[in-house]
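Step one of this worksheet: look at the structure below.
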Amino acid sequence: MTKERREDIPFGRALEEPWQLSVDRRSVCLSLTGEDIRVSVDYAAAEFDQIIEHLTVLRAQMKPGLPPAKRH
């Protein structure tokens with residue numbers, strides 16, 4: 001996904017669209033699509049738990065995010 005394409009997608013949608021819960025609810029699939037390629041990766045629940053744990057550790061090391069934009 002190009003930088004320009006990312007800016008066209010609202011942030012919430014950019015996070016939600018690539019992630020899909022399987023029908024049996026035992027795995028999550030991440031699908032990434034570019035101009036000439038599509039990548040799909042299925043994660044079992046245990047693997048997904050490890051990813052979440054790792055991302056949580058990384059997030060704890062990050063600076064605070066920006067406050068939400070004010071709606072007018």
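Miscellaneous remarks
- Counted residues, the range 8-58 - those being more than 15 Å from the chain's Cα centre (by Cα) and at pLDDT below 85: 3
- Long-range neighbours under 8 Å by Cβ, at least six apart or interchain, first residue surrounded by 10 or more Cβ atoms within 10 Å (Cβ to Cβ) within the range 43-58, second part of a helix (DSSP H, G or I): TYR43/ILE51
The values are calculated or read from the model by the stated rules, or taken from the named source; none is laboratory data. Just so it is clear, the model here is predicted, and its values are computed rather than measured. Every residue, glycine as well, gets a Cβ built from its backbone with ideal geometry; the counts of neighbours run over all protein chains shown.
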